[in-house]
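Chemist: So that we are looking at the same thing, I have put the structure below in structure tokens.
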Amino acid sequence: MARRSLASRYLVDMFMDDDDDIDEEYEGLLLAQIEEKDLANKSSTRGHRGSVIGHHIVNRDPIEGHERLYHDYFANPPKYGARLFQKRFRMKQALFMRIHDVVVAHDTYFVQRRNVVGRLGLSSLQKVTAAFRMLAYGVPADYVDEYVQIGESTAIESLKRFVTTVVEVFGDEYLRSPNSDDLARLLTIGEQRGFPGMLGNIDCMHWTWKNCPTAWHGMFTGHIHKPTIILEAVASYDL
């Protein structure tokens, strides 16, 4: 007989008594059926190359999400004005669009594409907005799902590619140490504002939060052993 696995041999023994008089042909047929079923189960899981088995699919509408985002902040005129845009994006719209255009031109990942069934996917505005909001507010990836209509894994991938692109494109100009010309200009600005000899300064203090909610005590308690809020005073100049 052909070599058989211990598992299939064990299953045959479970269904056979020692006193049963089963011929060799029937026993071989039973083993073959067990091994064939076992092989089919392994191939259906190990050879799977599609979506994750058991994964819950959320039927998002990226087109509706893009249209809402566009009409709220980027249309002419937008639903929300420049003041709200700067408050929620932590920058002016002109600066946002400058970074957006550079990122899209540098990495084709942000270009809107169609999927295998021809449906349009997420727009560049949705991907860049998700990355900006995670950076600006320090929120997790699934926090931006409801408004931007973007999945958690896509938001994380957008953030990684966005940061990489910004470093590659703007790193040489904006992520460098000040040179002699920059230092001279910063010292001049500081002197004009009443701070001679100062390039930049940061100071902070812990202010006791008397009315801190009980559920938040653990997040806002440090070496002071009481809930506190950190107040920072920063003096710096744009290069």
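The values are calculated or read from the model by the stated rules, or taken from the named source; none is laboratory data. Quick caveat, the model's predicted, so the values are computed rather than measured. Positions of Cβ are generated from backbone atoms using ideal geometry, with glycine treated the same way; all protein chains shown enter the neighbour counts.
Chemist: Test each condition in (1) without any contact (Cβ under 8 Å) to a residue 24 or more places away in the chain; (2) surrounded by 11 or more Cβ atoms within 10 Å (Cβ to Cβ) for PRO213 and report the one that comes out false.
Modeler: Of the numbered conditions (1) without any contact (Cβ under 8 Å) to a residue 24 or more places away in the chain; (2) surrounded by 11 or more Cβ atoms within 10 Å (Cβ to Cβ), the odd one out for PRO213 is (2).
Chemist: Pull out all pairs, ordered by first then second residue, where Cβ-Cβ is under 7 Å, the residues are six or more apart or on different chains, the first lies in the range 79-91 and is more than 15 Å from MET134 (Cα to Cα), and the second is part of a helix (DSSP H, G or I).
Modeler: LYS79/HIS71; LYS79/ASP72; TYR80/ASP72; TYR80/TYR73; ALA82/GLN93; PHE85/TYR73; PHE85/GLN93
Chemist: How many residues does the range 106-125 hold that are touching a residue at least 40 places away in the same chain (Cβ under 8 Å) and part of a helix (DSSP H, G or I)?
Modeler: Summing the residues that are touching a residue at least 40 places away in the same chain (Cβ under 8 Å) and part of a helix (DSSP H, G or I) in the range 106-125 gives 4.
Chemist: Further, regarding this structure: Can you spot a residue in the range 195-203 that is touching a helix residue (DSSP H, G or I) at 6+ places or on another chain (Cβ under 7 Å) and closer than 26 Å to LEU95 by Cα?
Modeler: Within the range 195-203 (the criterion being touching a helix residue (DSSP H, G or I) at 6+ places or on another chain (Cβ under 7 Å) and closer than 26 Å to LEU95 by Cα), the answer is yes, since at least one residue qualifies.
Chemist: Name the pairs whose Cβ atoms lie under 6 Å apart, with the first residue in the range 150-167 and farther than 22 Å from GLU64 by Cβ, the second in a loop (DSSP other than H, G, I, E, B), and 6 or more positions between them or separate chains?
Modeler: Pairs that qualify, where the first residue is farther than 22 Å from GLU64 by Cβ and the partner is in a loop (DSSP other than H, G, I, E, B), are ARG161/ASP107; THR165/ASP107.
Chemist: Suppose we filter VAL128, VAL144, VAL166, VAL103 for residues that are buried (at least 16 other Cβ atoms within 10 Å of the Cβ), β-branched (Val, Ile, Thr), touching a Lys or Arg at 6+ places or on another chain (Cβ under 6 Å) and in a helix (DSSP H, G or I); which single one remains?
Modeler: None of the others qualify; the one that does is VAL144.
Chemist: Could you go through the range 191-206 and let me know if any residue there is surrounded by 10 or more Cβ atoms within 10 Å (Cβ to Cβ), over 30 Å from the mean Cα position of the chain (by Cα) and part of a helix (DSSP H, G or I).
Modeler: Yes.
Chemist: Further question on the same structure: Residues SER153, SER158, SER123: which one is modelled with pLDDT under 90 and of a type in the set (Ser, Thr, Tyr)?
Modeler: SER153
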